[in-house]
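Student: Shown below is the structure under consideration.
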Amino acid sequence: MFEQASSRGHAQQTQNGLLSFPFTIRNQFVTALSTLEAGKALRKELLDYQRSFFMNIRSEAAAAPVKAYVFGDAYDASRNHLFIEMLKRHQIQVYEAKQAIDADGKKFNVGSAWVVPTAQPQYKLVKTIFEKTLNYEDSLFYDITSWTFPLAMGIPYGELKILQPGVLGDAVTAASFPAGKITGSMSKYAYAFDWDDFYAPKLLYALQSKGILTKAATQLFESTTAAGKRRFNYGAILVPVHQQRYSPEVLYQQIESALAGTGVEVFSLNSGLSISGIDLGSGSFQNLRMPSVMLMGGAGTSSNDCGEIWHLLDQRMRIPATMVEVERLSGVTISGYNVIIMPEGNYGNMEKSDIEKLRNWVSNGGTLIALEGAGKFLSSAGLTRTLYRNAESRVDSNAMYPYYLRSDETRAREMAGSIFEAKIDPTHPLCYGYRTSNISVFKANTLFMDQNNNPYDSPVLLTDQPLQSGYLHRSYKDKLSRAAIVNTENIGRGKVITFSDNTNFRAFWFGTMKLFMNAIFF
């Protein structure tokens, strides 16, 4: 891989003189030719290197203390599929678990667990995907400092120090996408599905776009289904039969067609009375509105973050979002939207009148979602009361440091990208769909939010010792403890939801995307 400075036009004045577009083209072309020439001249050396690499892997894998990794989410078939698909794309050997496995205090059951042995040609990549890293020889990084994929995807996993005979089942040759389905025949009462699956928001929006009334369970309930008794979790979606614009027969068909492209299992309920918990007519089932989304972009915002949000909504969840440049906000009628998203940015080009416009819109019932720097902007503009901890560390004014190390010390303080553990409240609407009390959060900034004064408004807090994997400069250790990852604040009839971090990082951080989707729907 080669990188070079961009001329960003026909010509650009740089500290090394004039950089022209023709020069960058010629430079790239000549470099490509020299690479081909070197590859031919060093053919034998390169092939010997590749051969020795894979021969050495055998001995490295044999000496490794971890003999296999086991993973699997018992409630989310789609995320399991996405992870297996990624592993198979990189030619990694994956096997179905043939028996129940206990690893690292977690239980993995047959049918929802897979095993990746370390003794395979892709050992190096397997180790990199699953390992946690905490010790580093240097404190300067080109990119993020941790790539622990199961943590990124929010999938439970564990290490196996001994690979017992009989653990490995059939080899996975290809990742097959789980088919969404309705379990049971046409219901006279209602249909329900849990919010666990990654594509549950896609199904919900598809139903809402057909004009189907949907409700969310704010309490637990257990009901009878064609598959027997079924206990539904917080955030389960209920589709009543007799309050719809469709006949029961057509409603069944509409749900069936909406399931395409999701791995969600919808259950046909046999009664309006629950075995335990809330009944189907309870006020604890809250009506849901279909989100109408506006996404800010353009100057003042991060194009990467904006693109990641658009990709999640438009490509993965099939939820349309109108993109509006910050500088054009004053000329846009926003009353037709009920969700506005502000991605990472400084928003220095936003007019004061636009801030008041947003405040009035929220007061009238809108949901404003702000991520990273956008949240700090809203706080400094007085639209929220969210407080941020001072990220600056004290410097001994009486000390004298070598000047040549100044740049390195400054770069060492950057939060290049590490993984942290957060405690969540699974009963809070922003945390619907999570079955554990802890999740992994990716952090690549030095924004540390305080918990809001209302104890119900900060449902995701970093733990006391949150670092799970990655580099952390010593000056930030005391800033992270119990820092809020998300804060909510009521303004009139609406709400502002502030995330301190990017929940959709590079479109592969699946573990926290549900937090973001919950902010949109709930």
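FYI, it's all coordinate maths here, none of it is from the lab. Fair warning: this is a prediction, and the values are worked out from it, not measured in the lab. Neighbour counts are summed over all protein chains in view; Cβ atoms, including those assigned to glycine, are modelled from backbone coordinates with ideal geometry.
Student: So which trypsin sites (Lys or Arg not before Pro) in region 159-228 pass both tests, a DSSP loop state and at most 11 other Cβ atoms within 10 Å of the Cβ?
Tutor: Working: sites: Lys161, Lys181, Lys188, Lys202, Lys210, Lys215; in loops: Lys161, Lys188, Lys210.
Within region 159-228, the qualifying trypsin sites (Lys or Arg not before Pro) (loop, at most 11 other Cβ atoms within 10 Å) are Lys161.
Student: Can you put Glu372, Glu45 in order of Cβ neighbours within 10 angstrom, beginning with the fewest?
Tutor: Numbers: Glu372 23, Glu45 9.
The most exposed by this proxy come first: Glu45, Glu372.
Student: Take the alpha carbon atoms of region 59-88, find their center, do the same for region 438-464, and report the distance between the two centers in whole angstrom.
Tutor: Distance between centres, Cα-based: 29 Å.
Student: Could you work out [θ]222 nm for the chain from helices alone, using -39500 (n - 2.57) per DSSP H run of at least four and dividing by all its residues? Round to the nearest 500 deg cm²/dmol.
Tutor: Numbers: 13 runs with 140 residues, N = 522.
Mean residue ellipticity at 222 nm (helix-derived): -8000 deg cm²/dmol.
Student: Here's something else I'd like to know. For the chain, what relative contact order do you get, as a whole percent, if you take Cα pairs closer than 8 Å and at least 6 residues apart? Before the final figure, lay out each step's value.
Tutor: Numbers: 1014 pairs, mean separation 72.0, N = 522.
Relative CO of the chain lands at 14 percent.
Student: Only counting other Cβ atoms within 10 Å, I'd like Asp314, Asp76 sorted with the fewest neighbours first. Don't skip to the answer; put the middle values down first.
Tutor: On the way: Asp314 15, Asp76 28.
Fewest to most other Cβ atoms nearby, the residues stand as Asp314, Asp76.
Student: Compute the signed sum of charges (Lys and Arg +1, Asp and Glu -1) over the other residues within less than 13 Å, Cβ to Cβ, of Thr224. Each step should come with its number before you reach the end.
Tutor: Values: positive: Lys188, Lys229, Arg230, Arg231; negative: Glu222, Asp279.
Residues near Thr224 contribute +2 overall.
Student: Within region 4-50, list the trypsin sites (Lys or Arg not before Pro) lying in a DSSP loop whose Cβ has at most 11 other Cβ atoms in a 10 Å radius.
Tutor: Details: sites: Arg8, Arg26, Lys40, Arg43, Lys44; in loops: Arg8.
Those satisfying the criteria are Arg8.
Student: Then there's this: Let me test this: with uniform point scatterers at the alpha carbons of region 293-521, what is the Debye-based log₁₀ I(q)/I(0) at q = 0.08, 0.11, 0.12, 0.18 1/Å?
Tutor: After summing over all Cα pairs, the log10 values are -0.30, -0.56, -0.66, -1.40.
Student: So for Ser271, Ser6, fewest C-beta neighbours within 10 Å to most, what's the order?
Tutor: On the way: Ser271 15, Ser6 10.
Starting with the residue having the fewest Cβ neighbours, the order is Ser6, Ser271.
Student: Right, something else. Which ³J(HN,Hα) values in Hz, rounded to whole numbers, follow from the phi angles of region 55-63 under the Karplus curve 6.51 cos²θ - 1.76 cosθ + 1.60, where θ = phi - 60° and Gly and Pro get x?
Tutor: 6, 5, 4, 4, 5, 5, 5, 5, 8
Student: Additional query: Taking a ≥ b ≥ c as the square roots of the eigenvalues of the Cα gyration tensor of region 68-175, is the shape rounded (a/c under 1.5), prolate (a/b larger than b/c) or oblate?
Tutor: Values: a/c = 1.67, a/b = 1.61, b/c = 1.04.
Note, shape of region 68-175 comes out prolate.
Student: Given a cut-off of under 8 Å on Cα pairs at least six residues apart, what relative contact order in percent is computed for region 293-521?
Tutor: Numbers: 434 pairs, mean separation 52.1, N = 229.
Relative contact order for region 293-521 comes out at 23 percent.
Student: Could I ask something else about it? Put +1 on the Cβ of every Lys and Arg and -1 on every Asp and Glu Cβ in region 293-521; which of Ile341, Thr503, Ala422 then has its Cα farthest towards the positive end of the dipole?
Tutor: Ala422
Student: Expressed as a rounded percentage, what relative contact order does region 59-171 have, with Cα pairs under 8 Å and six or more residues apart?
Tutor: Numbers: 171 pairs, mean separation 47.4, N = 113.
Normalised by residue count, the contact order of region 59-171 is 42 percent.
Student: Please compute, over every Cα-Cα pair in region 253-390, the percentage with a separation greater than 17 angstrom.
Tutor: Numbers: 6429 of 9453 pairs.
Value for region 253-390: 68 percent of Cα pairs lie more than 17 Å apart.
Student: Here's another thing I want to ask about it. If you find the alpha carbon centre of region 289-340 and of region 346-412, how far apart are they in angstrom?
Tutor: 21 Å
Student: Another question, if that's okay. Distance check, please: which entries in Lys98/Lys202; Lys181/Lys229; Lys210/Lys495; Lys67/Lys107; Lys127/Lys514; Lys88/Lys423 exceed 20 angstrom between their Cα atoms? Display every interim value, and only then the final one.
Tutor: Working: Lys98/Lys202 32 Å; Lys181/Lys229 18 Å; Lys210/Lys495 26 Å; Lys67/Lys107 18 Å; Lys127/Lys514 27 Å; Lys88/Lys423 32 Å.
Beyond 20 Å between Cα atoms: Lys98/Lys202; Lys210/Lys495; Lys127/Lys514; Lys88/Lys423.
Student: If you compute volume of the Cα convex hull per residue in Å³ for the structure shown, which of [x] 168; [y] 210; [z] 198 do you land on?
Tutor: Checked against the structure: label [y].
Student: Using bins 10 angstrom wide from zero, how does P(r) for region 181-287 break down, in % of all Cα pairs?
Tutor: 16, 55, 29, 0
Student: Give the share of C-alpha pairs in each 10 angstrom bin for region 1-96, from 0 to the last occupied bin, in whole percents, shortest bins first.
Tutor: All Cα pairs, binned at 10 Å, distribute as 11, 21, 19, 22, 20, 7 percent.
Student: Which values of log₁₀ I(q)/I(0), to two decimal places, follow from the Debye formula for region 381-491 at q = 0.10, 0.16, 0.21, 0.22 Å⁻¹ with a uniform point scatterer at every Cα?
Tutor: Debye curve over Cα of region 381-491, log10 I(q)/I(0) at q = 0.10, 0.16, 0.21, 0.22 Å⁻¹: -0.37, -0.80, -1.17, -1.24.
Student: If you don't mind, another one. Work through the residues other than Gly277 whose Cβ is under 11 Å from its Cβ and net out their charges, Lys, Arg +1 and Asp, Glu -1. List each step's numbers first, then the result.
Tutor: On the way: positive: Arg231; negative: Glu222, Asp279.
With Lys, Arg at +1 and Asp, Glu at -1, the net is -1.
Student: Right, here's the next one. Summing +1 for each Lys or Arg and -1 for each Asp or Glu, what net charge is found among the other residues whose Cβ lies under 14 Å from the Cβ of Val362?
Tutor: Once all neighbours under 14 Å are counted, the net charge is +2.
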